[in-house]
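A short worksheet on the structure shown next.
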Amino acid sequence: MEQKEDVEQQLLHTLAEARKLGPANPLLLSTMYSLASFYREHHAFEKAERLYQEALLIKEQLHGPHHPDLAIILHQYAALLRDAQRVQEATELEQRARQIQNSSPIPSSYRQ
């Protein structure tokens, strides 16, 4: 149990430091994803959800609502919702992710 808490504290510390660098710094979103994944693995779904929501907001503010990276976040967020038995919401996020992917100029072979 101590190791889990150590990992969480390290990720929280890194997130706090990354926030100081501003939303455009890639360390911020990377740390948010890592912490959200950690929370998902430990069934702390509400904490993970808040991080995915914030990551979406930051990415949309920086790059607009149709940026291909949003699809990645949406897929991760949808997987979390499925784990939490929120299938309808997950399906809606997956549909949005597919719309973004289908409208992206990036070839499908480079997308997840």
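Bear in mind these aren't lab numbers, they're just calculated from the coordinates by the rules spelled out. Quick caveat: nothing in here was measured; it's all calculated off a predicted structure. For neighbour counting, all protein chains shown are included, and Cβ atoms are generated from backbone atoms with ideal geometry for every residue, glycine included.
For Cα pairs less than 8 Å apart in space and 6+ apart in sequence, what is the mean separation divided by the residue count of the chain, i.e. the relative contact order in percent? Intermediate values should be presented prior to the final figure.
Values: 100 pairs, mean separation 19.9, N = 112.
About 18 percent, as a whole number.
Once fully extended, how much extra length lies between Y33 and Q99, figured as 0.36 nm per residue of separation less the alpha-carbon to alpha-carbon distance? Can you show the working numbers first?
Numbers: separation 66, 0.36 × 66 = 23.76 nm, distance 2.18 nm.
The Y33-Q99 span can extend by a further 21.6 nm.
Please state the charge dipole magnitude for the chain, taken about the Cα centre, from unit charges on C-beta atoms (+1 on K and R, -1 on D and E), reported in debye and rounded to the nearest 20. Each step should come with its number before you reach the end.
Details: 12 positive and 15 negative charges, 78 e Å.
Using only the charged Cβ atoms, the result is roughly 380 debye.
Which residues in region 80-98 place their backbone N less than 19 Å from a point set 7 Å from the Cα of F45 along the Cα-to-Cβ direction?
80-95
Go through 51-62, 80-91, 31-42 and give me the packing order, highest mean Cβ count within 10 Å leading.
Numbers: 51-62: 17.1, 80-91: 14.8, 31-42: 18.8.
Answer by packing, highest mean first, reads 31-42, 51-62, 80-91.
Beyond 25 Å, what share of the Cα-Cα pairs of the chain remains, rounded to the nearest whole percent? Could the numbers behind the result be given before it?
Numbers: 1507 of 6216 pairs.
In whole percent, the long-distance tail amounts to 24.
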